[in-house]
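The block underneath contains the structure these notes are about, expressed in structure tokens.
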Amino acid sequence: MARDKREIRERRPRALSAVTLRLSLLMGAVWLIMMFCITMAAVLNLKEVIVEDIHTILARDGRYTRISEALEYDDGTPGYLEYRIWDEIYWESRYSRYMSYDNEVINVLRDVEIQYEPATVVIYKEGEAPYESGDYIYFYYITEDEWDAGSDYGELGARAILDEDILPKEDRERVQELFRGIEVELIRVTGPMEGQEITPWLIEYQPYSWEDEETSQEWQTLLRREGEMPADAVTLYSYRFDLFLYDKDNGSVKVNGTEYENMLAMAEAAASEGYLKMKEGTYTTLADFQKETLTEVIRVDVDVFYDERDWQYSEENPSPPLALYKVTAIRARPLLAAVRSLRNVYIVSFLICLVGVLAMRKKIKVQLTDVVETVAQNLGTGERPVYSPKDPPLKWREPHELYDHYLDTNNLLRNRGDEIKRLQTALDYAKNAEEQRRTLTSNMAHELKTPLAIVRSHAEGLLEGIEGDRRQEYLEAIVSETDRMDGMILRMLELSRLEAGRVKLQREEFRLDELVEETLVRYQPSMTGKGLTLEKDLSATVVSADRERVEEIIENLLTNAVKYCRQNGGIKVSCRQRNRGGGEFTVYNDADPLTEEAIERVWEPFYRVSSSRTDRGTGLGLPIVRGLVELHGGETYVRNTDGGVEFGFRI
């Protein structure tokens with residue numbers, strides 16, 4: 001059962017992960033709603049712009065001037081009218097609008113080009129294939145004989161159809177850039193010809209000579225069709241030409257329930273339907289092919305051209321005959337244009353939301369989940385979660401109250417634990433009272449024997465009537481030894497109280513590093529008198545302990561360090577935060593290394609090392625240190641280092 005509960009608990013998500021996920025979902029939903037509203041506003045604005053643009057394009061004055069003039073002045077020259085039709089289709093297919101959102105402070109909206117997708121179809125004669133947008137080069141040409149005769153400009157029009165066999169997709173951009181950059185001065189097209197249509201087998205060109213117009217250029221291959229050149233191939237030369245590449249892959253079109261492969265297919269259907277109705281005498285605007293939504297705006301315009309050259313009005317013939325029927329269809333996508341223009345808005349706003357989520361996650365982690373996790377971990381381990389000065393303060397009420405209540409409860413438990421430990425120490429002391437009494441009596445007798453002997457001998461000297469300076473020396477010696485015995489007895493009583501479990505701790509939170517600084521000030525004269533140098537490495541350390549007892553521990557360790565440090569040697573003191581439960585203090589002094597025996601016994605009462613370290617101390621300072629540290633639930637240690645000895649404790 002316990003294992004099942006543990007597995008269920010481990011499968012549950014962490015609070016921080018769950019909060020982060022829900023916060024991300026919430027911010028994501030808000031972001032999507034905001035971006036949807038902004039996008040819709042941009043779409044509606046762009047839709048108005050697009051509708052107005054298309055209306056202007058389709059209704060501009062004189063847009064069929066080329067064809068009208070061609071019909072009026074056509075004298076039957078082959079390709080004259082066709083060239084004007086191809087040219088009209090070419091210019092009808094070049095619509096676009098560039099919208100700039102320049103701002104000197106910050107540019108949020110992207111500069112975007114609204115792409116209009118036109119398709120133009122012209123029906124010339126019933127039963128013949130219509131003229132339409134496509135891939136071709138149309139030009140006025142001269143024949144090879146005329147070229148050899150020195151002619152320059154021709155009046156005959158022709159068109160070279162560019163299919164995928166001669167113009168693969170990978171060459172389209174190269175060819176278009178070449179013509180767009182006005183790098184081509186002259187072209188030569190070779191292939192079989194029928195009417196005004198030539199199937200190119202080889203297209204060559206001469207680059208424009210910018211330095212010397214009279215300089216003849218070498219012919220360079222522009223496009224070549226695979227296979228053998230047909231026997232009926234002809235060669236045409238042209239200085240007047242235009243390249244028209246039309247992208248049919250502009251996506252399918254669906255209007256009024258009918259789907260077409262692309263815009264050109266829709267324009268062909270519209271032109272066919274409109275032409276038949278015009279032949280029947282009915283004019284149509286082809287309303288069934290119009291569309292206006294947020295995603296697509298499609299407009300279809302109809303132009304009708306009449307042949308008035310040989311026509312005269314009569315009741316039998318009230319209108320001139322139909323010559324040409326042209327349909328121009330234009331599509332634009334407001335939603336796509338809006339999304340492109342708002343791309344930077346999407347990115348910047350998304351990054352702002354992401355930063356907001358991360359900042360809120362960090363805030364929740366520091367102010368809430370870290371507190372809960374710390375309390376939960378320490379409830380399991382029994383450690384005390386003490387926040388160091390480097391930790392951010394708790395600003396939210398609930399975690400602050402939780403932490404404070406936990407500290408109060410933990411303090412109560414720690415105090416009770418200290419009391420239990422004290423009572424256990426007292427119980428152990430009571431069990432071994434007789435043995436400890438004999439040990440204490442023996443140690444006291446041994447330690448007091450020397451100072452008593454000194455006091456007795458000096459007192460006898462005074463009884464014998466010693467006068468002068470020696471009398472003063474004897475008196476000072478008696479006082480010194482008396483003070484020594486008094487200090488020894490006080491320390492023995494202190495140690496006895498520790499061993500008997502009669503010392504109670506009054507715990508509080510305080511800065512260990514600040515206490516060390518205060519204590520070092522009192523030892524500065526003694527260190528200066530011995531020529532010692534002091535090095536400090538004190539980081540901010542918060543502990544929960546009895547301040548007076550910890551001060552006594554530090555004093556004993558510093559006294560020991562100063563006493564046994566070499567003349568003109570060095571002392572290094574450091575303290576640091578171990579974890580959220582306590583700190584560590586160490587003091588190093590330049591001294592001879594301790595023996596293995598000394599390291600094991602240095603914490604025993606009345607123990608002093610070899611004669612090289614003999615002194616007039618009591619041998620009780622370090623045992624008192626250990627007793628006080630262990631009463632706090634900590635530990636003491638001593639180790640040899642390079643050039644000296646280091647004492648320390650952890651609580």
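Bear in mind these aren't lab numbers, they're just calculated from the coordinates by the rules spelled out. These numbers were taken from a predicted model, which means no experiment stands behind them. All Cβ positions, even for glycine, are placed from backbone atoms using ideal geometry, and neighbour counts span all protein chains on display.
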If you average the alpha carbon positions of segment 326-372 and of segment 549-568, how far apart do those two centres end up, in angstrom? 64
For segment 524-583, divide the Cα radius of gyration by the Kirkwood radius and give the resulting Rg/Rh value with two decimals. 1.04
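Sort PHE244, PHE289 so the one with the fewest other Cβ atoms within 10 Å of its own Cβ comes first.
The most exposed by this proxy come first: PHE244, PHE289.
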Using the number of other C-beta atoms within 10 angstrom as an exposure proxy, rank TYR83, TYR306, TYR474 with the fewest first. TYR306, TYR474, TYR83
Quick check on packing: order 157-169, 315-327 by the mean number of other C-beta atoms within 10 Å, highest mean leading. 157-169, 315-327
Peptide ranges 30-37, 135-142 listed from the most packed, as the mean C-beta count within 10 angstrom indicates: 135-142, 30-37
At 0.692 mPa s and 37 °C, plugging the Kirkwood radius over alpha-carbon pairs of segment 508-651 into Stokes-Einstein gives what diffusion coefficient in µm²/s? 214
Provide Rg and Dmax in Å for segment 179-262, with only Cα atoms included in the calculation. 18.1, 60
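What order, most packed first, do the peptides 39-46, 546-553 have when packing is the mean number of other Cβ atoms within 10 Å of each residue? Don't jump to the answer; show the numbers that get you there.
On the way: 39-46: 16.9, 546-553: 18.9.
Listed from highest to lowest mean packing, they are 546-553, 39-46.
Percent of Cα-Cα pairs more than 26 Å apart in segment 44-337, please. Working shown, then result.
Working: 23015 of 43071 pairs.
Cα-Cα pairs in segment 44-337 separated by more than 26 Å: 53 percent.
I want the antiparallel fraction of DSSP beta bridges within segment 508-651, as a percent rounded to 5.
On the way: 26 of 32 bridges.
For segment 508-651, the DSSP antiparallel bridge percentage is about 80.
Return a whole-number percent for the relative contact order of segment 44-337, with Cα pairs under 8 Å and 6 or more residues apart as the contact set. Show your work: numbers first, answer last.
Values: 526 pairs, mean separation 60.9, N = 294.
For segment 44-337, the relative contact order is 21 percent.
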Exposure proxy check: VAL300, VAL348, VAL112 ranked by fewest other beta carbons within 10 Å? VAL348, VAL112, VAL300
Report relative contact order for segment 508-651 in percent, whole number only (criteria: Cα-Cα under 8 Å, sequence separation at least 6). 24
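Based on the Cβ-Cβ distance from THR221 to ASP163, what FRET efficiency comes out when R0 is 25 Å, to the nearest 0.05? Mind dumping the intermediate values first?
Details: r = 18 Å, r/R0 = 0.70.
With a Förster radius of 25 Å, E is 0.90.
At R0 = 35 Å, how high is the FRET efficiency between LYS530 and GLU464 if r is their beta carbon distance? Nearest 0.05 is fine.
0.40
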Net length gained if the chain between LEU276 and ASN411 were fully extended (0.36 nm per residue, minus Cα distance): 38.7 nm
